[in-house]
Amino acid sequence: MVKVTGGSNRRVSLAALVAVKPGCRPRLIYRVHHARRRRNGQRKGFTEADCAALLDAAHQQLAGPIVVVWDNLNVHVSDAMTGLVAARDWLRVYRLPPYAHELNPVEPVWSHLKRSLANLAKRNLPQLTALVKTRLKRMQYRPALLDGFLASTGLDLPPAVSAAGEQTRGAGASLIR
């Protein structure tokens, strides 16, 4: 028997993107965030600055311009995020139509992660966080699985040539709470 305590509303938030670059294996880039306590209307989960930091990290890892295909999460469409995106000349953002989660390659990542966590009980948030990170790390080293997530969208991601003459392809990004 596992004792479960419900006296806390703490949670783990995740943000991720699946990146594709011609000639390279697909990459899963993610960040784990422990929810803040709400103060003065502060968001518990990922903020615009947190999403921008994820994109900056992806830019560093991928060493090139990025095209992001985003869902319509409130953080993605806010005025603050619009300003953060405008400040990054290496970033181009396209929005998915509303209610088109089947076109987002990160949604199968979340589905796969949730299935792998089913029927597991963790005693506390650090144990859950460690398990989530382990499962996401495993996905990072399975390029065929990431290719399957991309293929499941049915999107054709043809190479695009940047102003610098480098080929880049789109990356889907999403948040989970």
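Key figures
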{"read-out": "All lysines inside 23 Å of residue 122 as judged from Cα atoms, apart from same-chain residues fewer than 8 positions distant", "value": "3, 44, 114, 133, 137"}
{"read-out": "Selection from 97, 130, 72, by position along the positive dipole direction of the stretch 41-148 (Cβ)", "value": "130"}
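No value in this document is a laboratory result; all are computed from the given coordinates. Please read these numbers as outputs of a predicted model, since none were measured by experiment. Ideal geometry is used to build each Cβ from the backbone, glycine not excepted, and the neighbour counts take in all protein chains shown.
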